Amino acid sequence: MAEQDFYKILGLERNASDQEIKAAYRNLAKKYHPDLYTNKSDAEKKEAEEKFKAINHAYSVLSDPQKKQIYDQYGSEDGPQFDPNSGFGGFSGGFGGFNMDDIFSSIFDNFGGGRSSSRRNGPADGADIEVELEITFEEAAFGCEKTIRIRREENCPDCNGTGAKNGTALKQCATCGGSGYVSRIQKTILGQMRTQGVCPDCKGKGKVVTENCKTCNGQGRVQQTREVKVVIPAGVDNGQHKVMRGEGHHGINGGRRGDLLVYLKVKPHKIFKRRNADIMVEIPISPVDAILGCTLTVPTLKGETTIKVPEGTQSGKILTVKGQGIKRLTGVGNGDLYVKLDVETPVSITREQKDLLNKLKVSFDKKQFPQKKKFDDLTGK
Ligand SMILES: [Zn+2]
Ligand SMILES: [Zn+2]
């Protein structure tokens, strides 16, 4: 979907309040509601439908605190972008959410309007399935293969989705007179509306079976448990999702299959923290090592390495080990490993140590502590 300014679509400023967003949405959704355009030309209907979609989409993002935050931060509902070839979205407009196209088709299925006549008895796309997959920090860093188990609706293999027992005929649905649609009054956020909905008895087919298929009880659909292999590339991060085309619920009457959306939840690591492809580890060192410098053994994702801590290192200093981070999803190299040094003061000392330190204390000169000197100068000491 092309990037759009959701605030502009709703005629709002960037700093609009939740109430203003809601009010703007209500006004615009009323104005462009497809029901008001039933007697207009096809071009006008189409335009209203597009506007209505855009308004709904904008509102679905701005009314959801999590999505709004991502949109406000990145200017995109997908958050930071990664290589589209990898099949991974960003933080996903749909984290804990849904596929907008499906939402819109369901809105329009319900509202009827210009589109329903062409869709009557026609194919309906299968819904998407969303699953959360928890993986370890290392699995995210190095990639992995997982098998997940899903329950999905498929066409009944015994009646080919018709619901009719082999050889039996279909008859016209009495509820809708064969049209597949029924009108009803519906209370919505926009007030009371006359909407045309899919017939509940024939599910829009206009026909019902005379003798039910035993396997699916005449539904034409069966729930199947399936195992799906998911290949997770190296470098994925928490909150990203993988779209597996066609692995969702099967469509009805030849509609396309839904997708399987696998949302990744990456468990935190014991010692590493992660930011994009970079990782960080905090290592405590003694004041003596900080003063004299030392060679430090540092854990990495694959084992360990050594780094030189220079003489006179300050607490909080961050040293960089190039290329020891996580593989970038874009495929260009690795991130870095940051080693943050925390100088740890001994929690207890012996009498001898105390004497030595007191001797050491008097030997120091002000110039050896430039930060302290600067602070003292600023505060007039
Ligand atoms: Zn019917
Ligand atoms: Zn069946």
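Each value in this text was obtained by applying a stated rule to the coordinates, not by laboratory testing. Everything numeric here is computed off the predicted structure, so don't read it as measured data. All Cβ positions, glycine included, derive from the backbone under ideal geometry; neighbour counts span all protein chains shown.
Can you give the FRET efficiency for residue 134 and residue 227, using 1/(1 + (r/R0)^6), R0 = 25 Å, r = Cβ-Cβ distance, to the nearest 0.05? So, using R0 = 25 Å, E works out to roughly 0.90.
Taking label points 7 Å from Cα along the Cα-to-Cβ direction, residue 378 and residue 269 give a separation of 3.5 nm.
Remark: region 278-289, residue by residue, has Karplus-estimated 3J(HN,Hα) of 8, 10, 9, 10, 9, 10, x, 10, 7, x, 5, 5 Hz, where x stands for each Gly or Pro and the curve is 6.51 cos²θ - 1.76 cosθ + 1.60 at θ = phi - 60°. A Cα-only calculation for region 287-378 places Rg and Dmax at 18.3, 58 Å. Express the Stokes-Einstein translational diffusion coefficient of the chain in µm² s⁻¹, to the nearest whole number, given a Kirkwood radius over alpha-carbon pairs, 25 °C and a viscosity of 0.890 mPa s. It comes out at roughly 93 µm²/s.
Which pairs, out of 31/53; 165/205; 31/51; 45/203; 8/67; 8/68, put more than 20 Å between their alpha-carbon atoms? Exceeds cut-off: 45/203. With both labels modelled 7 Å from their Cα along Cα-to-Cβ, the residue 291 to residue 19 distance reads 6.2 nm. Label-to-label distance for residue 342 and residue 44 is 6.8 nm, based on points extended 7 Å past Cα in the beta-carbon direction.
When the helices in the chain are scored as -39500 (n - 2.57) per DSSP H run of 4 or longer and the sum is shared across all residues, what 222 nm value do you end up with, to the nearest 500 deg cm²/dmol?
On the way: 10 runs with 99 residues, N = 381.
When only DSSP H runs of four or more count, the value is -7500 deg cm²/dmol.
Residue 165 sits among other residues whose Cβ lies under 9 Å from its own Cβ, and their net charge, with Lys and Arg +1 and Asp and Glu -1, is -1. Taking a straight Cα-Cα cut-off under 17 Å and skipping sequence neighbours fewer than 8 places away in the same chain, the lysines within cross-link reach of residue 373 are 361, 381. When each of the peptides 169-180, 294-305 is scored by the mean number of other C-beta atoms lying within 10 Å of its residues, the order from highest to lowest reads 169-180, 294-305.
Listed cross-link partners 187/207; 214/265; 229/327; 317/366; 322/374; 146/340 are compared with a 30 Å cut-off, the Cα-Cα value being larger for 214/265; 322/374; 146/340.
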